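The values are calculated or read from the model by the stated rules, or taken from the named source; none is laboratory data. Quick caveat, the model's predicted, so the values are computed rather than measured. Here the Cβ is made from the backbone with ideal geometry for all residues, glycine too, and neighbour counts use every protein chain on show. Side chains included, ligands, DNA and RNA excluded: accessible areas come from the protein's heavy atoms. Shrake-Rupley method; radii C 1.70, N 1.55, O 1.52, S 1.80 Å.
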Amino acid sequence: MAFSLHSKPLVLQFMLVILFLLGTRLHAADPSLTLDYYASTCPVVLETVKKEMECAVLSDPRNAALVVRLHFHDCFVQGCDGSVLLEDTITLKGEKKAPPNIHSLKGFRIIDRIKNTVESDCPGIVSCADILTIAARDAVLLVGGPYWDVPLGRKDSVTASYELANSNLPKAEEGLLSIISKFLYQGLSVTDMVALAGSHTIGMARCASFRSRIHGDWEATTSGYDPISESHLSNLKSVCPPIGGSDNNISAMDYVTPNLFDNSFYHLLLKGEGLLNSDQEMYSSVFGLETKELVKKYAADPLAFFQQFSDSMVKMGNITNPESFVSGEVRRNCRFVNT
């Protein structure tokens, strides 16, 4: 096993975990979330979201990953309350320009289109937070992933948090223990973390997120000489040279089946070919005894991965913002609080 060149010193890593655990606030599904929440008020919502997502994914399969990422980044800040969708205004500082979001989040127009269609069917009924959660499920399904039932009834937050977006969201260069602590803080387990990371099977990453990985410890984690791996590394270095204006160049995190939701991502980790340091550490870190076994499990058993991913997505989607059930609303426009 190899140490990551980008991991924090061991003592600091353990201190981070302890600090996060001391402050952990476990979230449970609010009793307002139910599978039939819109059965009488907007019975067409599921079909409407599905049709719009079908159009989006047919036009570009990468749109599936964009929507899943939006949902993830929403839920890790204030719970799944649509706060990530809010634009900056004179009185509100949104989350879109926070460092983990500013270059990585897209797909907002997809959610706008879905919201507009839903509003024409059921004005003022369905929250943007619920639309995003349903769309993420449909996105996964449309590129070959599993289905799961989505509990509904979220309200849209009237606030956002630039600060929490910067502190709560995992970063590509982050060490394993620090990332685990961020999941535990949300009430998500190590198993949830490894399963949810599997969504990177359909994701793309910017050069700025993997430059130090491919020019640093790539060969230290790669197992044995593999001509395909050598060729892949060469291609990555051409996309992402060590210097120059290439920060926004992108590469698939799963170069084998980039538009198919499968367990190929875990096979790449077994070979040391995880594009992001944060992903590869799940298999290669000396702290990853549990995560390594889970990576091997999901690489060997795609059905086990699909089942756990479904369960973990429901669990993540049930992270609630208690304040939104008191002061929240159903936004007419997902980008702005109602006036």
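The figures follow:
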| quantity | calculated |
| --- | --- |
| Pairs with Cβ under 6 Å, 6+ apart, first in region 67-94 and aliphatic (A, V, I, L, M), second open to solvent by 30 Å² or more (accessible area, probe 1.4 Å) and assigned to a helix (DSSP H, G or I) | Val77/Leu164 |
| Residues (open to solvent by 10 Å² or more (accessible area, probe 1.4 Å) and among the polar types (S, T, N, Q)) located in region 172-191 | Ser189, Thr191 |
| Test result for Lys292, open to solvent by 80 Å² or more (accessible area, probe 1.4 Å), assigned to a helix (DSSP H, G or I) and of a type in the set (Lys, Arg) | no |
| From Asp254, Asp247, residue being acidic (Asp, Glu) and open to solvent by less than 10 Å² (accessible area, probe 1.4 Å) | Asp254 |
| Tabulated pairs, region 219-238, first of a type in the set (Val, Ile, Thr) and open to solvent by less than 80 Å² (accessible area, probe 1.4 Å), second part of a helix (DSSP H, G or I) and modelled with pLDDT of 85 or more, C-beta under 6 angstrom, 6+ apart or interchain | Thr221/Gln280; Thr221/Ser284 |
| Check on Val194, surrounded by 19 or more Cβ atoms within 10 Å (Cβ to Cβ) and closer than 29 Å to Cys42 by Cα | no |
| Cross-chain or 6+ apart pairs with Cβ under 7 Å, region 252-266 first and under 17 Å from Ala304 (Cα atoms), then open to solvent by 50 Å² or more (accessible area, probe 1.4 Å) and in a loop (DSSP other than H, G, I, E, B) | Ser264/Val256 |
| Residue tally, condition surrounded by fewer than 15 Cβ atoms within 10 Å (Cβ to Cβ) and either touching a strand residue (DSSP E or B) at 6+ places or on another chain (Cβ under 8 Å) or assigned to a loop (DSSP other than H, G, I, E, B) (or both), over region 318-330 | 1 |
| Out of Leu169, Leu164, sole residue that is surrounded by fewer than 18 Cβ atoms within 10 Å (Cβ to Cβ) and within 17 Å of the chain's Cα centre (by Cα) | Leu164 |
| Entirely in region 142-253, the helices (runs of 4 or more DSSP H) that have 2 or more residues that are within 30 Å of Glu329 (Cβ to Cβ), of a type in the set (Phe, Trp, Tyr) and at pLDDT below 95 | none |
| Qualifying positions in region 301-312 - open to solvent by 10 Å² or more (accessible area, probe 1.4 Å) and closer than 22 Å to Ala252 by Cα | Pro302, Phe306 |
| Test: residue in region 264-282 that is surrounded by fewer than 23 Cβ atoms within 10 Å (Cβ to Cβ) and within 17 Å of the chain's Cα centre (by Cα) | yes |
| Qualifying residue in region 107-119 (condition: in a loop (DSSP other than H, G, I, E, B), without any contact (Cβ under 8 Å) to a residue 24 or more places away in the chain, charged (D, E, K, R) and more than 23 Å from Ile319 (Cα to Cα)) | no |
| Boolean, Gly124 is over 13 Å from the mean Cα position of the chain (by Cα) and either surrounded by fewer than 23 Cβ atoms within 10 Å (Cβ to Cβ) or over 24 Å from Thr34 (Cβ atoms) (or both) | yes |
| Options Asp130, Asp81, Asp88: the member that is charged (D, E, K, R) and open to solvent by 30 Å² or more (accessible area, probe 1.4 Å) | Asp88 |
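Yes/no per residue for (1) in contact with a strand residue (DSSP E or B) (Cβ under 7 Å, 6 or more places away or on another chain); (2) not aliphatic (A, V, I, L, M):
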site: Ala252; (1), (2): yes, no
site: Leu275; (1), (2): yes, no
site: Thr291; (1), (2): no, yes
site: Met316; (1), (2): no, no
site: Arg332; (1), (2): no, yes
site: Arg335; (1), (2): no, yes
